[in-house]
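Since the structure comes first, as structure tokens, the remarks are kept for the end.
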Amino acid sequence: MRKLKRYKPTLFKADDSVYSKQAADSAVAFIQCLNHTKGEWYGQSFELIDWQEQIIRDLFGVLKSSGYRQFNSAYIIAIGNPPLLLLMRIIRIIIRSSQSGFSPASHRACDFHRTRRSID
């Protein structure tokens, strides 16, 4: 599996934004702690390949001078690619839970059931 060897921040990073390795590492570690819940990979941890890790690091590691993420949403096209669809839903869960006043667990529970239905 291809792993990201050297991270290069996105070209869309604003001049006053900075890359936080700690914030990016936390997001990557969180996703890689998740396990598949069914199918041939049941019980195995998610392993991000290079382009997936690039997206996660860009979304969660590029911070404005205020300390908030520069990117609050992403437009990712996933046509008939279940692993990418799942990655997109995971990103949406994390972004939503950090933007709202609701508990992150409630968003994860809601989106987890939607994700399972769409992949079944």
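Has region 64-81 got any residue that is in contact with a helix residue (DSSP H, G or I) (Cβ under 8 Å, 6 or more places away or on another chain), of a type outside the set (Gly, Ala, Ser), at pLDDT 85 or above and not in a loop (DSSP other than H, G, I, E, B)?
Taking every residue of region 64-81 in turn, at least one turns out to be in contact with a helix residue (DSSP H, G or I) (Cβ under 8 Å, 6 or more places away or on another chain), of a type outside the set (Gly, Ala, Ser), at pLDDT 85 or above and not in a loop (DSSP other than H, G, I, E, B).
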Considering only region 11-60, state which residues are in contact (Cβ under 8 Å) with a residue 60 or more places away in the chain, closer than 19 Å to Ala74 by Cα and surrounded by fewer than 17 Cβ atoms within 10 Å (Cβ to Cβ).
Phe30
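Search region 15-57 for residues being assigned to a helix (DSSP H, G or I) and of a type in the set (S, T, N, Q), and hand back the single one that is nearest to the chain's Cα centre (by Cα).
Gln52
Using the structure shown, decide if Lys5 is in contact (Cβ under 8 Å) with a residue 12 or more places away in the chain and open to solvent by 100 Å² or more (accessible area, probe 1.4 Å).
yes
The values are calculated or read from the model by the stated rules, or taken from the named source; none is laboratory data. What you see is a predicted model, and the numbers here were worked out from it, not measured in a lab. Every residue, glycine among them, receives a Cβ derived from its backbone with ideal geometry; neighbour counts consider all protein chains shown. Remember, those area values only see protein heavy atoms, side chains included, never the ligands or the DNA or RNA. Shrake-Rupley method; radii C 1.70, N 1.55, O 1.52, S 1.80 Å.
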